[in-house]
Amino acid sequence: MRTIETLGDLKGKRVLVRSDFNVPLKDGVITDDGRIRAALPTLNQLREAGAKVIVMAHLGRPKGEVNPAFSLAPVAKRLGELIDAPVALAADTTGASAQELAANLKEGEVLLLENVRFDARETSKVDAEREAMAAELAELADAYVSDGFGVVHRKQASVYDIAKKLPSASGQLVLKEIESLRKATDNPERPYTVVLGGAKVADKLGVIANLLNKADILVIGGGMAYTFLKAKGYEVGTSLLDLDNVETVAGYIAEAEAKGVELVLPVDIVVAPEFDKDATPTVVAADAIPADQMGLDIGPKSQALYAAKIAASKTVAWNGPMGVFEFENFANGTKAVALAMSEGEGFSVVGGGDSAAAVRLLGFDEATFSHISTGGGASLELLEGKTLPGIAVLED
């Protein structure tokens, strides 16, 4: 994959960078700046090389219309604080404001374009529309660097089409993400364990199908576990359940057994009468969930079982929490998995999204994991064995 070094001398050159600044906001204030911090190594490398840096990103889903609620103004402010230099925010993406500010940039300065998704062409399914936007973006710069891993699975103007219009390369973050995730998926040290959680089993069906040919151990938790328990004929009460996929999951259980993949399901469950942070938790066996209760976390025996599987593995990839980790009463399963991974000696990858959020929310030292991905959807598609358009376009 092409790196920044392949772009040659960047002194005085305008470099367009696609970052992932889709950060959580509350009342206009950024509540987690992890994605902005993750962009700093690439931005600082370009600044130190004397480049004029033009950053583009999206925030939320404005659906192709200008919406002040999704302005990147808070991001520009925070980025300026982190690099200790002012970051100008263009009033548009490819219009008069962007053109004027880009033309007047000095070496080492940073300009942030307004939300690329204010322009409907960014996410258009029509190639010509995306290409037209990419052509306008290309007029702003001399080179392009892809560093928004959270969007490389999207065929979008600022991710895919722009890379064809300018000399292009991957940034440090994208390079690190791809190297780490491929190390965990393409040729992992064994035993190779994958821990899957999260709410919807439908989101992970393709991943499971792919991993049944790759993983040694497949550990299932979170809301998706109840579809597996149902497939085994267990009562799951009022737990989250994907009835449409019970038969598919039953097929995966049989396939895992046939292929010698160890499929690990919860042996006990923390249940409650309702989905509420103050609901009274009770631990029951996985095959004894009361009809009027819902599972909200894996139980203590499951936690110990999962931790043991993780500890014995040489490579562990984790995507999706084990329970409702936002509620203290139902966070212990997710804590147990995170702790086992952080203390384990194997190569450990946290697959972005809710898993990465849980690691931070629960107070773990991120340095104790081999890699924490910034892209939930992109890392999931890599686990699924898919080709990512924003990566393919950067490879020779």
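The values are calculated or read from the model by the stated rules, or taken from the named source; none is laboratory data. Bear in mind that the values here come from a model prediction, so they are computed numbers and not experimental data. For neighbour counting, all protein chains shown are included, and Cβ atoms are generated from backbone atoms with ideal geometry for every residue, glycine included.
State whether one or more residues within segment 45-55 are of a type outside the set (S, T, Y) and modelled with pLDDT under 95. If you could, list the steps in order and put the result at the bottom.
So the first thing to find is which residues in segment 45-55 are of a type outside the set (S, T, Y), and the list is 45-55.
Of the ones still in play, those that are also modelled with pLDDT under 95 are none.
No; the residues of segment 45-55 include none that is of a type outside the set (S, T, Y) and modelled with pLDDT under 95.
For segment 120-164, enumerate the residues that are over 21 Å from G95 (Cβ atoms), within 24 Å of the chain's Cα centre (by Cα) and part of a helix (DSSP H, G or I). Quick ask: steps written out before the conclusion?
As a first pass, look at segment 120-164 and keep what is over 21 Å from G95 (Cβ atoms): 125, 127, 143, 145-155, 160, 163-164.
Then keep just the ones that are within 24 Å of the chain's Cα centre (by Cα); that gives 125, 145-155, 160, 163.
Matches in segment 120-164: F149, G150, V151, A163.
Inside segment 269-310, can you point out the residues that are under 18 Å from L196 (Cβ atoms) and surrounded by fewer than 22 Cβ atoms within 10 Å (Cβ to Cβ)?
Within segment 269-310, L305, A307, A308, K309 qualify.
Of V270, V261, V284, V246, which residue is modelled with pLDDT of 95 or more, more than 17 Å from N332 (Cβ to Cβ), of a type in the set (V, I, T) and in contact with an Asp or Glu (Cβ under 9 Å, 6 or more places away or on another chain)?
Exactly one of V270, V261, V284, V246 is modelled with pLDDT of 95 or more, more than 17 Å from N332 (Cβ to Cβ), of a type in the set (V, I, T) and in contact with an Asp or Glu (Cβ under 9 Å, 6 or more places away or on another chain), namely V261.
Pairs needed: first member in segment 191-215, crowded, with 16+ Cβ neighbours inside 10 Å; second member anywhere, among the acidic types (D, E); C-beta distance under 8 Å; at least 6 residues apart or different chains.
P191/D216; Y192/D216; T193/D216; G198/D354; V201/D242; V207/E384; N210/E384; L212/E255
Among the residues that make up segment 364-387, is at least one of them surrounded by 17 or more Cβ atoms within 10 Å (Cβ to Cβ), of a type in the set (F, W, Y) and in a loop (DSSP other than H, G, I, E, B)?
Yes, some residue in segment 364-387 is surrounded by 17 or more Cβ atoms within 10 Å (Cβ to Cβ), of a type in the set (F, W, Y) and in a loop (DSSP other than H, G, I, E, B).
Go over the candidates T193, T238, T227 one by one and state the one that is of a type in the set (V, I, T), more than 24 Å from L388 (Cβ to Cβ) and not in a helix (DSSP H, G or I).
Working: T193 fails: more than 24 Å from L388 (Cβ to Cβ); T227 fails: not in a helix (DSSP H, G or I).
Only one candidate passes the filter, namely T238.
Please determine, by comparing only the residues of segment 336-383 that are β-branched (V, I, T) and more than 15 Å from the chain's Cα centre (by Cα), which one is farthest from A311 (Cα to Cα).
T368
Quick one: which residue in E65, E81 is in a helix (DSSP H, G or I) and among the acidic types (D, E)?
E81
Only one of (1) of a type outside the set (D, E, K, R); (2) surrounded by fewer than 17 Cβ atoms within 10 Å (Cβ to Cβ); (3) without any contact (Cβ under 8 Å) to a residue 60 or more places away in the chain is not met by P167, so which one is it?
(3)
Applying the selection to segment 1-57, what residues are under 24 Å from D161 (Cβ atoms), touching a strand residue (DSSP E or B) at 6+ places or on another chain (Cβ under 9 Å), outside any strand (DSSP E or B) and among the basic types (K, R)?
R2, K13
Can you tell me which of (1) in contact with a helix residue (DSSP H, G or I) (Cβ under 6 Å, 6 or more places away or on another chain); (2) at positive phi is the one E177 doesn't meet?
(2)
Hey, any hits in segment 116-129 for a residue that's under 30 Å from A367 (Cβ atoms) and among the aliphatic types (A, V, I, L, M)?
No; the residues of segment 116-129 include none that is under 30 Å from A367 (Cβ atoms) and among the aliphatic types (A, V, I, L, M).
Each row is one residue, and each column tells you yes or no for (1) of a type in the set (A, V, I, L, M); (2) under 19 Å from G12 (Cβ atoms).
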site	(1), (2)
G108	no, yes
L113	yes, no
E131	no, no
L137	yes, no
A141	yes, yes
P167	no, yes
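Inspect segment 62-85 for any residue being free of Cβ contacts under 8 Å to residues at least 40 places away in the same chain, of a type in the set (D, E) and either crowded, with 19+ Cβ neighbours inside 10 Å or closer than 29 Å to A392 by Cβ (or both) and give the result as yes or no.
No, the conditions are met nowhere in segment 62-85.
Determine if segment 235-257 includes at least one residue that is without any contact (Cβ under 8 Å) to a residue 40 or more places away in the chain, touching a strand residue (DSSP E or B) at 6+ places or on another chain (Cβ under 8 Å) and surrounded by fewer than 20 Cβ atoms within 10 Å (Cβ to Cβ).
yes
I'd like to check something: does segment 40-50 contain any residue that is more than 26 Å from P389 (Cβ to Cβ), buried (at least 19 other Cβ atoms within 10 Å of the Cβ) and not basic (K, R)?
yes
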